[in-house]
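The values are calculated or read from the model by the stated rules, or taken from the named source; none is laboratory data. If you're wondering where the values come from, they're calculated on a predicted model, not measured in any experiment. Glycine gets a Cβ as well: all are built from the backbone with ideal geometry, and neighbour counts include every protein chain shown. Calculation scope for accessible area: heavy atoms of the full protein, side chains included, ligands and nucleic acids excluded. Shrake-Rupley method; radii C 1.70, N 1.55, O 1.52, S 1.80 Å.
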Amino acid sequence: MGLINVSKLAIRTTRRWLYPLSISKLWLSSKSGLLGDKNILLMGLPGAGKTTVGKIVAHKLGLPAIDVDDDILETTWKMPVAAKLAAVGGKGFLEEEGQALCNFSASGCVISLTGSNPLHTEAMQHIKQSGLVVYLDVDSEDIIHRLSRMKVNRIVGQEAGASMRDILLYRRQFYEKWLDVRVLCGTGDTVEEVAEKVLRTVERYQKHDEETYVSTRCDSAALSDEKTYFSDVVVEGLAADGGLYIPKNGFPVIDAREWLRLVSMSYPERALVLLEKCIHPLEVSALDLRSMIFKAYGSNFSSDRVAPVKHLIHNQYVQELFHGPTASFKDLALQLMPQLFAHCLPPMCNYLILVATSGDTGSAVLSGFSRLSGVDRHRTGVLVFFPEEGVSDIQKLQMTGYSEGNARAVSVLSDFDFCQRTIKRMFGESGLTGHLAVEYSTVLSTANSINWARLLPQVVYHSSSYLDLCRDGVIKFGEPVDICIPTGNFGNAMSAVYAKQMGVPIRKVICASNHNRIISDFITTGEYDLRGRPLLLSNSPAIDILKSSNIERFIYHVSDGSSSLIKDLFARLDTEKHFQVPEPLLGKIQQEVLAGWCSEDDCLAAIRSVHTQTGYVMDTHTAVAKVVADRLQDGSCPVVLCSTAHYGKFAPAVFKALQIQNIPVDPVEQLKKLEITASRPEVHKEMVKCLRDRDRRGHTVCQADYSVLAEEVEGMVQDSFLKVM
Ligand SMILES: *Cc1c(COP(=O)(O)O)cnc(C)c1O
């Protein structure tokens, strides 16, 4: 209880800091128009439609329209803009244009900026204070087309020799710097449609208080006045009633023309546009989101395409989700999540995240949090406990690289359950949490896969795989694709369901289990049954899961948000160890997802046969997806297999599958040998590097004792965070 209340309280009292008081107060209290006294400032490339759209928007809102070119520059200069440009040249023009804007002020208007205004810092700082900057984001090719129709062949600031394409690209960085909100314009959008989008975007901005989150176990009719925002759900993780957070109004739906715009974009650009639509700009501004996304996906993935899709065989494609620093798909979420987390924290508190892991989560969390910088790093830390004997050699080496700083791993002479239980106990010990809060202003927290900030980034790669298939000409936008996912906690699969909700034409999400097949049994029978079901060892340990936490979000989704059903089912699961969903609901579940499971032998056989046929080496989890896709997919459309780990991470099982004898003892030698065998995919350089450096590290090994682990926690807090004076 202490944990949740402390953070909630802190957020409530500091929420005011998140957005400029003047803006929110003024806008919300206004009776006329959307933004009251504030201006709507339309920004974009020449030819983006700022003037025409501005007039329509102004007309609809009953506000005056001001065009900077016609109404400010020409009246100030008393000559046409073209004449001024001819008289003073490009540089002089930008300066005089900027000065004219600096001397201008207005309120409650729709103002269409010039294409070059954003190049003048002082002018933009001045005008941005007066309102909301709306970026009309139009494709460069469309702009070039329009300009040539308008017989414009040069624009301001275009030096001799520079192509129009280059100059448009150069301009974009300024728009990306100043925007408050983006209006993504599709090819063929009419000015009326763009104006409508502007109105909806401004409205969304203003109605921040409607973009809230609810718990899957909370009766929405009984909702109190207490509103839960994005920042709250990221920091809290689990809702106080034990449910999982979901956006109250569901996901934004993106139309086909907008999706088509994303086809030619890079992965980080796609991520930015999609996440801007899912995170309210007053929670994380577009500029902050941009810098987080480019930090997460800019250069620390070994493929510059981040999550590339490659043809495997027949109608099957693999999406390689293992190019991140720790070689599993968890990096896609965990390179971004820590930045969102740090951003959402209330000021003045330190946060220590405790993680128990027996697999890929530990290294991904450590890598993500260790990359925080500045203030974020000084007040956000992560401590990972892993069972000394319960993780693979490679996983251990990936974690023990972190022994100091704000991200650390220590092992425990016990099993995963002990680590997990001990962390839970720490959260409940008010002696410990109170001491940390008072002495070090430190709050304990978690970062597990139910956190909204871990699910959301995963929606991007499912969208991206579809867009890649469009870009590569495999499908046309609108044609169906299936996605097959090795499933444990159902986080990855749930994100695919959400991508579908946003408008990605995914036909079926296929969930693949290994012989721990509780999810595939649930989806085929509607019964979730923990009784008499011991956890079996497998070659795909990351999906050895019985309590699949995100399944709660899925049932909530297919039951159209029935919190009473959720409460009933999960109470039953606690007491009776099983539940059965009603028949009609099972039908709905099966409309969304298919499921199957794969035996240990079939998994290894698939790795071998795919290697023989194509030279491609799959990891064991990818192989589980391959086997299930072969069995369940009808071949009538492409299927994307989610490759959730690099084969090198599960080297011993891969050797067994490929029937390679004389396996070297040294893990680096093992990877080398596999690299020779596999013609695809390429070796994971970061993993090799981590193994090479291994001799330089030792790690702390703890006795299986609560007080020993609690001391580790306090020790880390002591030397990571400043003591309260
Ligand atoms: C975590 C993990 C999974 C399971 O993902 P969920 O979102 O829990 O279903 C699958 N494969 C690998 C390699 C993983 O690390």
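Quick look at the values:
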| quantity | calculated |
| --- | --- |
| Relative packing of 530-537, 504-511, which averages over residues the other C-beta atoms within 10 Å, highest first | 504-511, 530-537 |
| Considering only the chain, percent of DSSP beta bridges that pair antiparallel, nearest 5 | 20 percent |
| Residue-averaged 222 nm ellipticity for the chain, from DSSP H runs of 4+ at -39500 (n - 2.57), nearest 500 | -15000 deg cm²/dmol |
| Rg to Rh quotient for region 92-228, alpha carbon positions, Kirkwood Rh | 1.09 |
| Dipole of region 8-206, positive direction: furthest Cα of Ala48, Ala100, Ala123, with charges on the beta-carbon | Ala123 |
| Accessible-area value, Trp452, 1.4 Å probe, nucleic acids and ligands omitted, Å² | 10 Å² |
| Accessible-area ranking of Lys38, Lys476, Lys689, largest first, probe 1.4 Å | Lys476, Lys689, Lys38 |
| Magnitude of the charge dipole, region 501-634, Cβ model with Lys/Arg +1 and Asp/Glu -1, debye to 20 | 140 debye |
| Violating pairs (Cα-Cα greater than 21 angstrom) within the set Lys277/Lys567; Lys38/Lys84; Lys295/Lys508; Lys38/Lys227; Lys508/Lys626 | Lys277/Lys567; Lys38/Lys84; Lys295/Lys508; Lys38/Lys227 |
| Residue-level accessible surface for Trp178, protein heavy atoms, 1.4 Å, Å² | 20 Å² |
| Per-residue SASA entry for Glu141, accessible area with 1.4 Å probe, Å² rounded to 10 | 90 Å² |
| Farthest toward positive dipole pole in the chain [+1 Lys/Arg, -1 Asp/Glu at C-beta], among Met687, Leu565, Ile545 | Met687 |
| Span-like helix ranges in the chain, DSSP H, alpha carbon extent 27 angstrom or more, Kyte mean at least -1.0 | 452-471 |
| Gap separating the Cα centres of region 548-572 and region 46-84, nearest whole Å | 53 Å |
| Accessible area, probe 1.4 Å, largest first, for residues Met348, Met150, Met79, Met618 | Met348, Met150, Met79, Met618 |
| Hydrodynamic radius by Kirkwood, which averages 1/r over all alpha carbon pairs of the chain, in angstrom | 27.5 Å |
| Lys, Arg +1 and Asp, Glu -1 on Cβ, resulting dipole of the chain about Cα centre, debye, nearest 20 | 820 debye |
